[in-house]
Amino acid sequence: MAEHGDEVRLGWLGTGRMGTELVRRLLRAGCDVAVYNRTRAKAEPLAALGAKVVSSPAELASRDIVFATVGTPQDLTDAVLGAGGLTSGEGRPAILVDCSTISAEVSRQVREQLAARGTTLLAAPVMGNPKVASVGQLTLAVSGPRAAFDSARRYLDLLGAGATYVGEGELARVVKLCHNLFLGVVTQSLAEVTILAQKSGVTREAFLTCLNKSVMGSQFTRYKSPAFVNLDFHPTFTATLLRKDFDLGLAAAREHEVALPVAALVHQIVQSLVGQGYGDQDFAALLELAARSAGLQLESENSPITDGLGQAGPSEAGAVP
């Protein structure tokens with residue numbers, strides 16, 4: 001394997017937009033990667049970059065470490081434990097790294113069944129979208145046995161800006177929920193102050209440009225700015241998905257007796273966003289609700305404001321968690 005001087009062979013389950021970007025990063029680093037996707041045509045372009053395309057998850061069983069980026073908990077269960085799945089034959093990967101977004105309970109069930117078959121599960125939910133992944137800014141929280149994390153770390157770090165080990169079991173799922181609770185709270189606050197600035201006579205572009213240059217500016221405020229300025233709510237992370245994570249996050253807070261008063265209020269605002277028909281749009285549409293409450297009718301400012309990820313343009317939506 002060109003760059004690392006070892007014989008570790010990698011597999012990848014699920015080559016949608018996210019999986020494709022991450023596999024490309026591994027291939028560029030010289031890794032030996034075999035890939036499977038339920039729709040084979042979506043995996044074929046990776047063959048030109050050096051990946052081996054296989055016809056079933058079972059064909060990845062001989063790989064040392066297999067990553068998964070699938071759409072739903074059932075997709076993961078089927079691909080890993082089902083007929084023709086990763087563990088359906090004689091071979092077994094040493095480690096399965098699940099980068100999908102599933103509940104802690106489903107993750108625990110899969111972990112237990114994999115352990116009985118001799119495979120260790122690392123929960124490694126990602127924070128970022130395919131565009132963030134393409135520029136190497138994706139981050140991962142990882143939980144499971146520390147030895148497995150140490151074995152997989154060099155490859156996890158190749159996927160983006162770095163992987164953080166957060167502990168045993170399903171703790172990475174908790175970190176992802178906390179991340180997305182914070183994401184929603186910050187976005188609602190950003191929407192409110194942006195509308196205050198606009199109603200006072202400041203353009204959204206001018207306000208956000210100033211904010212992004214200040215100590216309060218961040219990578220997040222920068223890459224959400226095009227959506228706020230140009231009202232591009234093309235879904236990168238939908239309001240419905242954000243509501244789901246708030247549901248799960250607030251349930252976890254109740255389980256651990258942690259008060260989240262601000263998050264609870266934002267939860268209801270996100271519910272209102274979904275109820276008013278924005279469920280399938282990007283959660284940046286929280287800006288629209290803030291504008292309505294202030295009696296403002298928003299219009300795109302058609303500005304080439306940058307998202308901080310190397311491109312600019314009126315049609316760019318910001319990145320997501």
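The values are calculated or read from the model by the stated rules, or taken from the named source; none is laboratory data. Keep in mind it's a predicted model, so treat the numbers as computed, not measured. Cβ atoms come from the backbone with ideal geometry, glycine included; neighbour counts cover every protein chain shown. Only protein heavy atoms, including side chains, enter the accessible area calculation; ligands, DNA and RNA are left aside. Shrake-Rupley method; radii C 1.70, N 1.55, O 1.52, S 1.80 Å.
For the pair Ser200 and Ala83, what calculated FRET efficiency results from E = 1/(1 + (r/R0)^6), where r is the Cβ-Cβ distance and R0 = 45 Å, to the nearest 0.05?
Computed FRET efficiency for Ala83 and Ser200: 0.15.
Hey, can you rank 20-31, 243-254, 57-68 by average C-beta count inside 10 Å, highest first?
57-68, 20-31, 243-254
At a 1.4 Å probe radius, carbon and sulfur cover how many percent of the accessible area of the chain?
Carbon with sulfur: 54 percent of the solvent-accessible area.
Provide the packing ranking of 9-18, 149-158, 182-191, i.e. peptides ordered by the mean count of other C-beta atoms within 10 Å per residue, highest first.
Highest-to-lowest ranking by the protection proxy: 9-18, 182-191, 149-158.
Could you tell me which of the pairs Lys42/Lys131; Lys131/Lys176; Lys176/Lys213; Lys131/Lys224; Lys199/Lys224; Lys176/Lys244 are separated by over 23 angstrom between their Cα atoms in the structure shown?
With Cα atoms farther than 23 Å apart: Lys176/Lys213.
Under a point-charge model restricted to the Cβ atoms of Lys and Arg (+1) and Asp and Glu (-1), what is the dipole moment magnitude of the range 53-143 relative to its Cα centre, in debye to the nearest 20?
Charge dipole, the range 53-143, about its Cα centre: 180 debye, nearest 20.
Would you mind giving the average projected area, over all directions, of the Cα convex hull of the chain in nm² with one decimal?
So the Cα hull casts an average projection of 17.1 nm².
So what is the 222 nm mean residue ellipticity for the chain from helices alone, if each DSSP H run of at least 4 adds -39500 (n - 2.57) and you divide by all residues, rounding to the nearest 500 deg cm²/dmol?
Computed mean residue ellipticity for the chain: -14500 deg cm²/dmol.
Rounded to the nearest 0.05, what FRET efficiency do Ser62 and Glu301 have when you use their Cβ-Cβ distance and R0 = 45 Å?
The value I calculate is 0.25.
Hey, with R₀ at 30 Å, roughly what FRET efficiency would Glu105 and Asp150 work out to, going by the Cβ-Cβ distance, to 0.05?
Given R0 = 30 Å and the Cβ-Cβ separation, E is 0.70.
Accessible area per residue, 1.4 Å probe, Å², for the range 127-177: what's the number?
35
Can you give the angle from 0 to 90° between the axis of helix 239-255 and the longest principal axis of the chain, with both taken from C-alpha atoms, to the nearest 10?
Once rounded, one gets 80 degrees.
For the Cα atoms of the chain, what angle does the longest principal axis make with the long axis of helix 219-230, in degrees from 0 to 90, nearest 10?
Roughly 60 degrees, rounded to the nearest 10.
Angle between the Cα long axis of helix 261-273 and the longest principal axis of the chain, 0 to 90 degrees, nearest 10?
For helix 261-273, the angle is close to 80 degrees.
Once the range 12-87 is represented by equal point scatterers at the alpha-carbon sites, with solvent omitted, what log10 I(q)/I(0) does the Debye formula produce at q = 0.14, 0.27 Å⁻¹?
-0.37, -1.38
Would you report the distance distribution of C-alpha pairs in the range 109-218 as whole percents per 5 angstrom bin, up to the bin with the largest distance?
Pair shares across the bins are 2, 11, 15, 16, 16, 12, 9, 7, 5, 4, 2, 1, 0.
Collect residues whose amide H, placed 1.01 Å from N in the peptide plane, falls under 5 Å from the amide H of Thr306; neighbours closer than 5 in sequence don't count.
The answer is none.
Taking only protein heavy atoms and a 1.4 Å probe, what accessible area per residue, in Å², does the range 1-120 have with all protein chains in place?
Value for the range 1-120: 44 Å² per residue.
Straight-line reach from Lys52: which aspartates and glutamates have Cα under 19 Å away, leaving out those fewer than 8 places along the same chain?
Glu3, Asp6, Glu7, Glu21, Asp32, Glu44, Asp64
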